[in-house]
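Visitor: I'd like to ask you about the structure that follows.
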């Protein structure tokens with residue numbers, strides 16, 4: 001009997017081959033891995049779709065998606081067919097096997113190796129080039145939509161007489177098609193040549209014929225296609241000259257034809273087009289002639305012509321015709337550039353008005369009176385007082401205000417406003433539940449009048465507290481969407497949210513319709529993958545009614561629903577119809593406006609406020625444009641995130657084009673309600689682009705433009721040591737000839753390389769005004785000190801030096817506020833608030849106001865000539881600068897001050913309420929000082945709140961006494 005044990009003669013174990021159960025397990029794991037990878041890739045797509053659907057802009061998502069898919073499919077298929085067909089054709093045209101040369105024998109093993117897989121190789125190569133081409137084409141979805149939906153501008157270029165739409169919408173698409181054609185021809189040529197070589201149609205080292213007739217014909221046709229495309233390129237280049245950028249000493253960045261372009265390059269491109277077309281015919285003719293001789297000669301002639309006609313000839317014209325008399329030769333083209341640039345940037349209606357800078361009023365009392373009505377001088381600088389808002393109105397560490405506050409109008413007065421937004425870094429205890437479920441929103445809009453401060457130099461709040469109270473009617477104060485809200489929150493489920501803490505903690509649950517529902521496990525899984533947060537999938541804090549809020553900044557939301565818009569760097573809040581609305585200005589742009597000079601938005605809109613301040617910077621807008629319109633006003637609801645786009649520029653053809661591409665996404669201008677209209681304003685970034693262009697294009701005479709004798713520059717901010725451009729300022733003021741103040745956006749200019757004032761510009765920024773958007777530009781014809789000179793003179797005053805020494809001795813920092821410039825009776829009035837912040841103080845206070853009245857031509861010894869004063873308050877400073885001793889009657893916007901601010905302290909009285917308020921204020925002040933000494937910031941903040949309340953009571957009591965006559 002054979003041994004059935006485990007010995008040598010027993011049965012052997014099978015090794016190396018997995019069992020059926022193991023194979024099944026491996027296959028299952030493989031399928032699960034593939035499904036998991038597919039779900040990860042699908043999660044991003046699905047969550048995007050859910051978000052667009054939640055904001056009711058799903059048509060934007062679907063239009064963009066289907067356009068990308070269509071371009072990917074069409075151009076991927078075309079590229080794949082072109083390359084695949086030429087590989088197949090080269091293989092089919094291969095020569096029959098015969099006595100092979102050594103070269104072919106060495107390639108035989110490669111052919112034999114490929115033989116079993118040639119179909120798969122063909123498919124792989126075709127698929128690869130198709131995928132790359134399709135992915136590249138899908139990125140051109142904007143170009144396609146603009147071409148297919150393009151609307152005429154109704155303006156023709158001066159060289160070819162074509163509508164501007166051809167350059168803005170058509171030419172970019174034709175250039176893409178041309179580039180695609182070149183890529184297809186080159187890849188097909190390479191693939192066909194390799195195939196012919198591999199199968200003997202081409203020989204490199206072997207003696208005798210180097211190419212078979214079939215290979216010659218095939219490759220010649222491909223070369224003919226390539227040269228044909230080059231002919232088309234030469235023809236399109238003729239039109240491209242109208243939007244070509246070049247360096248020109250008269251303008252720097254020049255766009256459009258110059259003399260050499262019109263008289264050398266343009267005819268050269270036409271001649272080269274004809275030569276390339278003839279050369280292409282010669283290549284196609286090899287199908288019958290079977291020789292390379294004529295095509296090679298034609299190709300050589302084309303290359304030589306490109307060098308001589310396209311390069312050498314224009315250089316000769318420039319050197320011997322243009323340079324000896326460049327101004328005269330270029331004058332007609334400079335005129336075209338000036339006209340086109342002014343139209344493209346909407347500055348064609350702006351003509352400089354001569355303003356002598358010489359006072360037209362000699363009476364100092366009249367000057368003083370006129371100064372009261374010339375402007376509402378905003379001494380509360382929104383770029384400095386954010387820390388003051390933070391300390392007085394933050395209330396809790398998990399709230400914050402933006403670094404730069406905003407200026408708006410309420411009840412007809414300039415108002416500084418900031419939202420008390422959520423500060424996730426200030427949460428007492430950081431964890432996932434607190435970060436995303438408990439602390440979900442900010443609370444309230446804080447406002448202060450721009451023309452007043454209290455007795456201590458702090459803002460006079462017109463809306464304050466938690467919840468806020470003041471001049472505003474009742475409104476929804478919760479802020480779920482804001483500039484500082486960049487994390488996701490999950491609301492509306494079983495987990496309660498902290499609403500606010502005031503006399504006890506109050507909670508809430510979100511009642512808005514915003515966000516995406518997480519009720520389904522599939523949605524939770526998708527967001528867990530998309531946000532890389534597995535707790536979203538299994539957390540018990542998520543249940544029925546839970547919704548996830550994300551993409552919460554106004555800029556993010558508008559960019560997402562309108563990816564074809566360029567967004568202004570400064571969204572600002574307004575309380576409209578009982579809701580806080582973020583107002584976002586948006587622009588349509590193109591770089592295809594013929595003859596209009598280009599500008600780079602990111603560089604042009606940078607100033608001393610935007611540098612290093614991402615809140616106000618135009619992000620990722622470094623592309624050059626040469627046409628811009630503020631065509632859309634957008635709003636984002638701070639409570640429910642609702643995004644609305646309103647057509648603002650009803651004549652803009654670029655906006656009309658996008659409205660055809662994305663119908664029903666932009667509401668008509670008539671849909672803007674009156675309450676919202678009152679808070680719309682002229683956007684800063686648009687104004688900064690226009691002022692940058694007007695430094696050169698305020699000159700319309702070609703000879704003067706060429707000489708650059710009247711070129712300006714935007715001056716550096718004299719209150720900032722970094723050397724960045726002075727920002728424009730919102731200010732209610734009167735321009736020369738106006739009878740009433742207008743809410744305006746203003747800026748100054750200085751001549752190139754000079755510090756004196758060269759120009760002053762203001763735009764009517766009030767959207768309710770019939771003259772909204774009207775730019776008025778004053779050309780200062782006489783020598784008037786500019787901002788830097790005024791600041792320098794201020795710094796040299798003995799009173800300033802003493803103030804600085806005192807503040808430094810008290811270990812305080814000095815901050816100069818916005819240097820406001822106002823035209824006044826032929827001269828200019830400069831007003832600058834000055835703040836101080838002690839080492840132990842947490843926020844700056846207004847301490848002084850500097851005023852300077854500069855006049856180009858006044859008699860010697862006149863007190864109104866270039867006078868600069870530094871006083872405790874604005875009224876005293878205005879009196880001093882004009883040499884008026886008695887106080888003037890204040891206007892409603894300009895109360896008479898007695899302290900560093902402009903709100904007078906209550907008059908002395910024996911009234912019990914007033915005395916008690918003063919006592920409370922003194923007690924709160926003493927408590928604050930004691931807290932400072934101990935470093936107890938919580939107690940200090942509480943004392944400041946009590947001080948503010950006491951001062952408010954004192955002011956009210958004083959007002960009652962004054963009205964009753966008790967105050968004397």
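Visitor: Looking at (1) on the phi > 0 side of the Ramachandran plot; (2) touching a strand residue (DSSP E or B) at 6+ places or on another chain (Cβ under 6 Å), which one does residue 578 not meet, given that it meets all the others?
Guide: The one condition residue 578 does not meet is (2).
Visitor: Here is a list: 296, 307. Which entry is in a helix (DSSP H, G or I), at pLDDT 85 or above and over 19 Å from residue 595 (Cβ atoms)?
Guide: Selected residue: 307, the only one of 296, 307 that is in a helix (DSSP H, G or I), at pLDDT 85 or above and over 19 Å from residue 595 (Cβ atoms).
Visitor: Now a separate question. Surrounded by 16 or more Cβ atoms within 10 Å (Cβ to Cβ), touching a strand residue (DSSP E or B) at 6+ places or on another chain (Cβ under 7 Å), modelled with pLDDT of 90 or more and not assigned by TED's automatic domain parsing to the domain that holds residue 649: does that describe residue 345?
Guide: For residue 345, the condition - surrounded by 16 or more Cβ atoms within 10 Å (Cβ to Cβ), touching a strand residue (DSSP E or B) at 6+ places or on another chain (Cβ under 7 Å), modelled with pLDDT of 90 or more and not assigned by TED's automatic domain parsing to the domain that holds residue 649 - is met.
Visitor: Just checking, does segment 159-180 include any residue being more than 17 Å from residue 591 (Cβ to Cβ), in contact with a helix residue (DSSP H, G or I) (Cβ under 8 Å, 6 or more places away or on another chain) and assigned to a helix (DSSP H, G or I)?
Guide: Within segment 159-180, one or more residues are more than 17 Å from residue 591 (Cβ to Cβ), in contact with a helix residue (DSSP H, G or I) (Cβ under 8 Å, 6 or more places away or on another chain) and assigned to a helix (DSSP H, G or I).
Visitor: From (1) touching a helix residue (DSSP H, G or I) at 6+ places or on another chain (Cβ under 9 Å); (2) surrounded by 19 or more Cβ atoms within 10 Å (Cβ to Cβ); (3) part of a helix (DSSP H, G or I), pick out the condition that doesn't hold for residue 315.
Guide: Against the list (1) touching a helix residue (DSSP H, G or I) at 6+ places or on another chain (Cβ under 9 Å); (2) surrounded by 19 or more Cβ atoms within 10 Å (Cβ to Cβ); (3) part of a helix (DSSP H, G or I), residue 315 comes up short only on (2).
Visitor: Looking at segment 619-640, which of its residues are at pLDDT 95 or above and either more than 22 Å from residue 143 (Cα to Cα) or not assigned by TED's automatic domain parsing to the domain that holds residue 566 (or both)?
Guide: Within segment 619-640, 633, 634, 635, 636, 637, 638, 639 meet the criteria.
Visitor: Hey, another quick one. Quick check: is even one residue across segment 419-437 within 30 Å of residue 885 (Cβ to Cβ), under 30 Å from the mean Cα position of the chain (by Cα) and at pLDDT 90 or above?
Guide: no
Visitor: Looking only at segment 764-820, how many residues end up being part of a loop (DSSP other than H, G, I, E, B) and at pLDDT below 85?
Guide: Of the residues in that region, 2 qualify.
Visitor: Determine whether segment 257-270 contains at least one residue that is at pLDDT 90 or above and under 30 Å from residue 218 (Cα atoms).
Guide: Checked segment 257-270: at least one residue is at pLDDT 90 or above and under 30 Å from residue 218 (Cα atoms).
Visitor: Taking segment 651-678, which residues are surrounded by 13 or more Cβ atoms within 10 Å (Cβ to Cβ) and either without any contact (Cβ under 8 Å) to a residue 12 or more places away in the chain or more than 26 Å from residue 765 (Cβ to Cβ) (or both)?
Guide: Once the filter is applied, which keeps residues that are surrounded by 13 or more Cβ atoms within 10 Å (Cβ to Cβ) and either without any contact (Cβ under 8 Å) to a residue 12 or more places away in the chain or more than 26 Å from residue 765 (Cβ to Cβ) (or both), segment 651-678 yields 657, 660, 661, 662, 665.
Visitor: Checking residue 100 against (1) in a helix (DSSP H, G or I); (2) closer than 22 Å to residue 192 by Cβ; (3) at pLDDT below 95, which test does it fail?
Guide: Just one mismatch for residue 100, condition (1).
Visitor: Of the conditions (1) crowded, with 17+ Cβ neighbours inside 10 Å; (2) in a helix (DSSP H, G or I); (3) in contact with a strand residue (DSSP E or B) (Cβ under 9 Å, 6 or more places away or on another chain), residue 350 satisfies every one except a single condition; which number is it?
Guide: Checking residue 350 against (1) crowded, with 17+ Cβ neighbours inside 10 Å; (2) in a helix (DSSP H, G or I); (3) in contact with a strand residue (DSSP E or B) (Cβ under 9 Å, 6 or more places away or on another chain), the one that fails is (2).
Visitor: Which residues, counting only those in segment 336-365, are under 23 Å from residue 588 (Cβ atoms) and without any contact (Cβ under 8 Å) to a residue 12 or more places away in the chain?
Guide: The one that is under 23 Å from residue 588 (Cβ atoms) and without any contact (Cβ under 8 Å) to a residue 12 or more places away in the chain: 348.
Visitor: Among 194, 236, which is surrounded by fewer than 18 Cβ atoms within 10 Å (Cβ to Cβ) and closer than 30 Å to residue 702 by Cα?
Guide: Only one candidate qualifies: 236.
The values are calculated or read from the model by the stated rules, or taken from the named source; none is laboratory data. Being a predicted model, the structure only gives us computed values, none of them experimental. Glycine gets a Cβ as well: all are built from the backbone with ideal geometry, and neighbour counts include every protein chain shown.
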